[in-house]
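So the structure is just underneath, and the comments pick up after that.
The values are calculated or read from the model by the stated rules, or taken from the named source; none is laboratory data. Since this is a predicted model, take the numbers as computed values, not measurements. Here the Cβ positions follow ideal geometry from the backbone for every residue, glycine too, while neighbour counts run over all protein chains shown. Heavy atoms of the whole protein, side chains included, go into the accessibility calculation; ligands, DNA and RNA do not. Shrake-Rupley method; radii C 1.70, N 1.55, O 1.52, S 1.80 Å.
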Amino acid sequence: MSIKYLHAMLRTSHPEKSHEFYTKGLGLIKTKQYDSEEGKFSLIYYATEQGAPEVELTHNWDDRRYSNGDNFGHLAFSVSDIYKTCQTLSDMGVIILRPPRDGHMAFVKDPNGISIELLQEGDALAPIEPWQSMQNTGSW
């Protein structure tokens, strides 16, 4: 038997904001997009590189609103420099909900309210300000 993980699907009411978050904020690449005129929806895929598991954002073209259930936790990404990633996201207006005080882990939310865990690749970085003394805010 063979199995391969392909993608996680998230619904979005904010495809443009989501695109900016996942590409400029996290550095993912848009791998493909499918638009269905008949079904009135778009499927937009992002990954760390071509061929890697993807995040699929589904945008239904109606005015539907989505809420997060409590059965989904978060997506997690390793990053080469957690401080730089958090600063980039912060500069974009993203709230750092759990700052990387320990140089290892942070949490943010994407424009759709999806919790994103950021983990420092390899060993934790040495704690630095302003992150070291920054308090948690909101929920993740």
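Remarks
- Matching residues, segment 73-94, being more than 19 Å from residue 54 (Cα to Cα), in contact with a strand residue (DSSP E or B) (Cβ under 7 Å, 6 or more places away or on another chain) and among the hydrophobic types (A, V, I, L, M, F, W, C): 82, 86, 89, 94
- Residue within segment 110-117 that is open to solvent by 40 Å² or more (accessible area, probe 1.4 Å), part of a loop (DSSP other than H, G, I, E, B) and either over 19 Å from residue 12 (Cβ atoms) or in contact (Cβ under 8 Å) with a residue 60 or more places away in the chain (or both) present: yes
- Evaluating residue 120 against the criteria (1) crowded, with 18+ Cβ neighbours inside 10 Å; (2) within 13 Å of residue 25 (Cα to Cα); (3) touching a strand residue (DSSP E or B) at 6+ places or on another chain (Cβ under 7 Å) leaves one unmet condition, (2).
- The set of residues in segment 123-140 being without any contact (Cβ under 8 Å) to a residue 40 or more places away in the chain and either under 18 Å from residue 91 (Cα atoms) or out of contact with any strand residue (DSSP E or B) (no Cβ under 9 Å at 6 or more places or on another chain) (or both) consists of 123, 126, 127, 129, 130, 132, 133, 134, 135, 136.
- Residue within segment 108-117 that is of a type in the set (Asp, Glu), under 22 Å from residue 134 (Cβ atoms) and within 16 Å of the chain's Cα centre (by Cα) present: yes
- With respect to the conditions (1) touching a residue at least 60 places away in the same chain (Cβ under 8 Å); (2) among the β-branched types (Val, Ile, Thr); (3) open to solvent by 70 Å² or more (accessible area, probe 1.4 Å), residue 12 lacks only one, and its number is (3).
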